[in-house]
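Working notes, beginning with the structure itself.
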Amino acid sequence: MLKKLQFAFLLCSLMILSTRSQAQEVFSEAFLGAAPFAIETVNDELYISVWNNTDETPYGLYKLDFANPSEKILVATLDNYIGIGAFKFYNNITTNELYGFVANDHFIVDLDDNLPINATYASSPSSSTAQRGVLENSNVLYFARDNSKDIISVDRANLSNDPEVIYTSASSTDFNVLAGVNDNILYFFQKNGDTYSLLSKNLNDTSETEEVISVLSSISSDGTNLIQDAFLKNDIIYFTLNDTSVQGVYKIDSTENDANAELITSVSGDIIGITDFENNLYYVSEQKIYRIEEASLSIKENTLVPEVSIFPNPTTAELRIQLENKDISKVQVIDLLGKTVSSTTSFENSISVAQLKSGVYIILVSTADGTTYNKRFIKK
C-alpha cells in the first residue's frame, strides 16, 4: 500500500512539473554565441548584459525590442571587465539612467546618449564589492555589499562621498539581496546558513529596527541555494533561485507576515536574471531567455468608481484629484513597470508630475478607511 501511495505521489509531482514546463517558452535563443546574464525592462525594450567576449559579441550591454527579439543592439561596452557578468541592473525612469555593477565597480549608463554609450564608472566606497544589488529611490542609491555584509546608501549626485550604513547583518556569514522599494520601505532577502528571510527597512527613519516579514522555510536546503535576482511589483516580490533540488522562479507577498514563497515554475539549469513586461515574466537560464505568463503582474484599473476623478488628463505639470465623500491619506504614482515614482501623504487637491518623463502612469489614491482607487493618466 505504501509503495502505491509513493508511486501516486511521484506521478502527481511529475504531472505538476510537466504543466509548469508547458507554461514557459523560449523568448530568445543563445545570445549571439554568448551568455546573457542580468536583464532589465526599460519601456518596451529588454536590456541584457553579456558576460563573455567573442568577435561577434563584444562584452557589454545589449537591448532588444520585445516585439522583435531577433534584432539585438549594442548599447554600451564595458571593456574594464571583459568576461565578467554585469549584475543587478536598475532603471531610473526619471533620469533615464541604467545602474548596475560589475566586479567591484558601479557603473551608470545614460540611455539618452547616442549609441553605443560609454559607461561611466563610479568606483567609490558606495559600490565596493556591492555584488548583491543596486536600487534607486528618490535620487538615493542603495547597495548590498558582500564584504561588510551591510546595506548602504549614497546620494546619486555625490557618489564619491562616504556612504551611510543603514543595515548591518548580525552574522559574518550572512548576505543580503535587494528586492525593491515601495512607499519608502526597502525589502531585501537575507541568507543565513541554509535559510532565507524576507526583511523590510523603513527608509524614512533608518534608525528603526528592521522587520522580519517571513522566514522562507520552503526554499531552505543544504546551504547551496542562492537567490540570484529579484524585483518588486504590485506588492509581490518575484525572484530566481538556484538550488540543487527546487531551483526556479518564485514569488512572495511582501504585505503578508509569515507568507511562504510560491514556486511559479521550476527549471532544470542554472537561473539568473529576471524582469517583466506586459504580464509576462522573463528570466535567464542556460544561455537562453525564457518567458512565462504571470497573472499577478497585471494592474487593473477601477472602472466602477464614479466618485474619483483626475484632471487635466493628459497633463504636463499638475494633476488635480477629486474623490467624493472620502478623506485621502496617500497618493502614489507608479509607472507601467510597477515602480513607485512618486508618493506623498501631504495632499492638498493636486500633485506635481512635472518631474516625470512623458508616458503613461497609474495614480493610486488611498483613503483613511483603507480603500485604494486607481486611474491611468498621461504625462506629456
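We did not get these values from a lab; they are worked out from the coordinates using the rules stated. Please read these numbers as outputs of a predicted model, since none were measured by experiment. Glycine gets a Cβ as well: all are built from the backbone with ideal geometry, and neighbour counts include every protein chain shown.
Observations, loosely collected:
- Ranked packing of 66-74, 234-242, most packed first, by mean Cβ within 10 Å: 234-242, 66-74
- Within the shell defined by Cβ-Cβ distances under 15 Å, the residues around SER254 carry a net charge of -4, with Lys and Arg each +1 and Asp and Glu each -1.
- Per-peptide average of other Cβ atoms within 10 Å, ordering 144-151, 263-270 highest first: 144-151, 263-270
- Sequence ranges 37-44, 189-196, 315-322, ranked by mean other-Cβ count within 10 angstrom, highest first: 37-44, 189-196, 315-322
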